[in-house]
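Worksheet: one structure, shown below.
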Amino acid sequence: MKRGLATFLTGIMTVTLVAAALTGCGSSTADKRSEKVRLMVWSPSEDQSKDSGEWLQTMCNNFAKEHPEWDITFVYGVADEATAADQVAQDPEASADVFLYANDRITSLTDADAVAKFGGKYKEEIESTNSEELLDSLTVDGELYGVPFTTNTWYMFYDKSVFSEEDVKNLDTMLEKGTVSFPFTNSWYLPAFYLGNGCTLFGDGTDESKGVDFAGEKAVDATNYAIDLAANPNFKIDADGSGLAGLRDGSVKAMFTGSWDANAIKEALGDNMGVSSLPTYTINGQEKQMLAYAGSKAIGVNAHSECMEQAVALAVYLGGSDAQRAHYEMRTVIPCNTELLKEKDIASDPLVQAQNDTFNNTSILQPFVASMSNCWTPVENMGKGIRNKSVTHENAEEQTEAMNEAMNSNGIN
């Protein structure tokens, strides 16, 4: 896969619809009516399965019908949002023209000059139908590198027969009434308690020079809170699907996850399924707000596509309101298009409300600076240490400082 990648890189291509950019897909207006186009498109397997209505194939076929001037052959490949971005960054020449990717991979794509910028009328359309926070998640040095199709974060599902809407506002209140499951050893989740108590990552998340501040009293207090949490008999550590299994057998009454588990949770809880943005928690008698990592998933265009005009048009279509509605109806992928979110049936969905409330109010944009890669393992090790009781109140300060040092280095303590 690493066959002289550097020789292929010609610079990030800004999306423009000039004829000269259409190498390999015809170059004159007169040719377009008989123009043959081949587009390779990658998405997760769930988007292509018959069980979920073959969302990708359906949307691509609809796109082709709207563009009779192009005789399009679609070639589909299976790649989840993380794998697709890594593959395109590694070898764009051998990768898809259009692909779905998670925004935390954006710098690997831009560093490899592998993803196209969006400009002109397409950029205006994307900007007019998405929130500033979403656009920020796909912007590097002022340039936009994708069409967002959903926000990406986690929140809380609960049994409404156990917890009231007032109960779910505070985690400690919930633990007095029922069993709560949380992915404690997963470093995408555990930072919620540190971030809520004032810890920071790279300043506002974009200034790598400021490093990680998971140190001092605020961080130690969060560690001590987590130790008490793990020791609570009504708290269960969610791992390998145990939280969902607990909802099914009744041993768990609330869990933290995202929309990807919504259908399975609905099957387990039925009409008793409740969903909410993140609760507060209490440290030293003060209420703090849990803060999740948040990002987006987007449609990207390979900067080396030989059919740039068609690839860009398809990407905008796959991230547009019609495709987002279909994604929501077929797979419960929560839409982010601002016009779509105003529609009554979508706006009234508690799942949509919880995801967007979390994204807008109880989360931070997950940093995508390069040094963020140093942050995952130290936090995971902290969660495992607390679970295994090797991290205790007696050594909490020492262990917290060690975690902070590891997050600020290229090594792992």
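The values are calculated or read from the model by the stated rules, or taken from the named source; none is laboratory data. The structure displayed is predicted, hence computed values, not measured ones. As a convention, Cβ positions derive from the backbone with ideal geometry for all residues, glycine included, and neighbour counts pool all protein chains shown.
Take the conditions closer than 30 Å to Ala219 by Cβ, hydroxyl-bearing (Ser, Thr, Tyr) and crowded, with 19+ Cβ neighbours inside 10 Å and apply them to Ser296. Does it pass? Spelling it out, Ser296 is indeed closer than 30 Å to Ala219 by Cβ, hydroxyl-bearing (Ser, Thr, Tyr) and crowded, with 19+ Cβ neighbours inside 10 Å. Restricting Ile364, Ile334 to those that are in a loop (DSSP other than H, G, I, E, B) and not polar (S, T, N, Q) reduces the list to Ile334. Answer yes or no as to whether Ser296 is of a type in the set (Gly, Ala, Ser) and either modelled with pLDDT under 95 or more than 30 Å from Tyr122 (Cβ to Cβ) (or both). Judged against the criteria, Ser296 is not a match. Farther than 14 Å from Phe157 by Cα and without any contact (Cβ under 8 Å) to a residue 60 or more places away in the chain: is that true of Arg248 in this structure? In short, no. The selection criterion, being under 21 Å from the mean Cα position of the chain (by Cα) and either at pLDDT below 95 or in a strand (DSSP E or B) (or both), holds for Phe157. Taken over segment 336-354, the residue count meeting the criterion of being touching a strand residue (DSSP E or B) at 6+ places or on another chain (Cβ under 7 Å) and either within 26 Å of Cys60 (Cβ to Cβ) or not assigned by TED's automatic domain parsing to the domain that holds Val301 (or both) is 1. Checked against the criterion of being part of a helix (DSSP H, G or I) and within 16 Å of Val301 (Cα to Cα), the candidates Asp51, Asp86 yield just one match: Asp86.
So which of Leu135, Leu100 ends up being buried (at least 20 other Cβ atoms within 10 Å of the Cβ) and either assigned to a strand (DSSP E or B) or under 18 Å from the mean Cα position of the chain (by Cα) (or both)? Residue meeting the stated conditions: Leu100.
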